[in-house]
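S.K.: Sharing a structure, written as structure tokens. Questions coming.
The values are calculated or read from the model by the stated rules, or taken from the named source; none is laboratory data. These numbers come from a predicted model, not from an experiment. Note: ideal-geometry Cβ built from the backbone for every residue, glycine included; neighbour counts use all protein chains shown.
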Amino acid sequence: MTKSQGVNGAFLMLAILLISFNLRPAIAAIGPLTAQILSDTEMGSTGIGLLTTLPVFLMGLAAMSVRRVRRALGEKMGIGLGALVIAGACAARMWFPTGPGLLVTAAGAGVGIAIVQALVPGFIKRNFAANTGRAIGLYSTAIVAGAAVGSASAAMLADRLGWPSALAFWAIPAFLAMALWMVASRNAASDQRSPSGQAHAASQVTFWRNPRGWSLLIFFAVGTGAFVIVVAWLPPFYVELGQSPKLAGYLLGALTIIEAFTALGVAVFIHHFPDRRGPLITSLVLVLAGLACLLLSPILLAIPAVILLGVGIGILFPLSIIVSIDHVNDPTLAGDLTAFTQGGGYMAGSVFPLVAGALRDAFGSLSPGWLLMAAGIVAGILLVLRYSPQSYLEFRRGLTPAALPNAVPTRVH
């Protein structure tokens, strides 16, 4: 399963899954607690939107610096450090349950999440080469599973512990995941602190000069926007419509559980689709249909909306990573490309919940926010139509030749 010598592949994969499980609770737990946070901090809808926008934006900003992080720490140490930063940011919410405190800790969590997310795809490609697509699918499944548990448990934890402690709770699993990671990854293959040879050459590639690089970035922004706007505003949307915070949290929890099982299905079946366009277009159409349910009859169509959005985003999220990795062969270059697409994509996608919050303040409704997201999905469909496997080879030929001595056409995993 893994290329690493002296490493138990299953144990290493377990460590990756536990790390990735902790990449969303710090964000996903906010939505179900919006009413309590608004009451205690008087942040306003735009401020609540910032609690999602800020970490996601900083996730992108930090991802843009992943080459420096990799050179300074290496992949293994960098991933462990990211998990530790997440744990510290969550723990700090216990002592700083104010508007500014929540924004600062949201920023800290965003930086930690970004470091992990930027380094893991290249690490996976290096250690699970022939099964990269499946491993990325499992990694994505664990991310959305963490979001599901974080959102579904938020109201219950707040009832028992208070909302600051409910948010701080997630420091515990993040710290435990970091400790397990340091043990499991000790002998794994990893890009080391001192780059040389092909890794050094790959680090010189500039994707911003390549139109396909920008296309992948924008597409990732669309997928990110769909995920974060739902995480941030689905619970408040249903609370506005007269539903209880617990029920609203359960709806988001159910949606993210569906995402998790769908992403798991992607991990199992994606190797049957070397041309990713079919699954990608299917996912975008499903998300568009789910948004239509929220716009037309959100109470009557709540269950169909949750199912459609859950399945659609569950396919879209892992595939938006996989389709980037498909474009290159070298693991270090794959990590750099995902850092570029995720970095810019997270920064652009982070705007959606903030704008949705501003529109809610201006119009007293989240419907304009759902319409904005629907327009982004339509744009994503137009981009996906150009992602043929043949276009991957054209992309490789457009990169710096010195960085790709072994970039020859290969079978897409």
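S.K.: Considering Ala72, Ala62, Ala109, Ala26, which residue is over 24 Å from Pro236 (Cα atoms), in contact (Cβ under 8 Å) with a residue 24 or more places away in the chain and either surrounded by 21 or more Cβ atoms within 10 Å (Cβ to Cβ) or under 14 Å from the mean Cα position of the chain (by Cα) (or both)? Let's see the steps before the verdict.
M.R.: On the way: Ala72 fails: either surrounded by 21 or more Cβ atoms within 10 Å (Cβ to Cβ) or under 14 Å from the mean Cα position of the chain (by Cα) (or both); Ala109 fails: over 24 Å from Pro236 (Cα atoms); Ala26 fails: over 24 Å from Pro236 (Cα atoms).
Being over 24 Å from Pro236 (Cα atoms), in contact (Cβ under 8 Å) with a residue 24 or more places away in the chain and either surrounded by 21 or more Cβ atoms within 10 Å (Cβ to Cβ) or under 14 Å from the mean Cα position of the chain (by Cα) (or both) holds for just one of Ala72, Ala62, Ala109, Ala26, which is Ala62.
S.K.: Taking the stretch 158-214 as the region of interest, how many residues are modelled with pLDDT of 75 or more and not aliphatic (A, V, I, L, M)? Spell out how you get there, then give the answer.
M.R.: Residues of the stretch 158-214 that are modelled with pLDDT of 75 or more, as a first pass: 158-186, 210-214.
Filter once more, so that each one left must be not aliphatic (A, V, I, L, M): 159-160, 162-165, 169-170, 173, 175, 181, 185-186, 210-214.
Total meeting the criteria: 18.
S.K.: Please verify whether the stretch 220-229 includes one or more residues that are surrounded by fewer than 24 Cβ atoms within 10 Å (Cβ to Cβ), touching a Ser or Thr at 6+ places or on another chain (Cβ under 7 Å) and within 23 Å of Thr341 (Cα to Cα). Outline the logic, then answer.
M.R.: Initial filter on the stretch 220-229 (surrounded by fewer than 24 Cβ atoms within 10 Å (Cβ to Cβ)): none.
Looking through the stretch 220-229, none of the residues is surrounded by fewer than 24 Cβ atoms within 10 Å (Cβ to Cβ), touching a Ser or Thr at 6+ places or on another chain (Cβ under 7 Å) and within 23 Å of Thr341 (Cα to Cα).
S.K.: Assess whether Arg126 counts as being more than 16 Å from the chain's Cα centre (by Cα) and free of Cβ contacts under 8 Å to residues at least 24 places away in the same chain. Spell out the reasoning first.
M.R.: On the way: more than 16 Å from the chain's Cα centre (by Cα): yes; free of Cβ contacts under 8 Å to residues at least 24 places away in the same chain: no.
Criteria not met by Arg126.
S.K.: If only one of Thr282, Thr256, Thr262 is surrounded by fewer than 21 Cβ atoms within 10 Å (Cβ to Cβ), hydroxyl-bearing (Ser, Thr, Tyr), under 20 Å from Gly223 (Cα atoms) and out of contact with any Lys or Arg (no Cβ under 7 Å at 6 or more places or on another chain), which one is it? Before the answer, list the steps.
M.R.: Details: Thr256 fails: surrounded by fewer than 21 Cβ atoms within 10 Å (Cβ to Cβ); Thr262 fails: surrounded by fewer than 21 Cβ atoms within 10 Å (Cβ to Cβ).
Criteria check complete, one pass: Thr282.
S.K.: Where residues in the stretch 315-370 are part of a helix (DSSP H, G or I) and charged (D, E, K, R), which of them is surrounded by the most Cβ atoms within 10 Å (Cβ to Cβ)?
M.R.: From the stretch 315-370, those part of a helix (DSSP H, G or I) are 315-325, 331-349, 351-363, 367-370; that's our starting set.
Retained after the next criterion (residues that are charged (D, E, K, R)): 336, 360-361.
Working: Asp336: 26, Arg360: 23, Asp361: 13.
It comes out as Asp336.
S.K.: For Thr46, state whether it is at pLDDT below 85, part of a helix (DSSP H, G or I), surrounded by fewer than 24 Cβ atoms within 10 Å (Cβ to Cβ) and out of contact with any Phe, Trp or Tyr (no Cβ under 6 Å at 6 or more places or on another chain).
M.R.: Numbers: at pLDDT below 85: yes; part of a helix (DSSP H, G or I): yes; surrounded by fewer than 24 Cβ atoms within 10 Å (Cβ to Cβ): yes; out of contact with any Phe, Trp or Tyr (no Cβ under 6 Å at 6 or more places or on another chain): yes.
Answer is yes for this residue.
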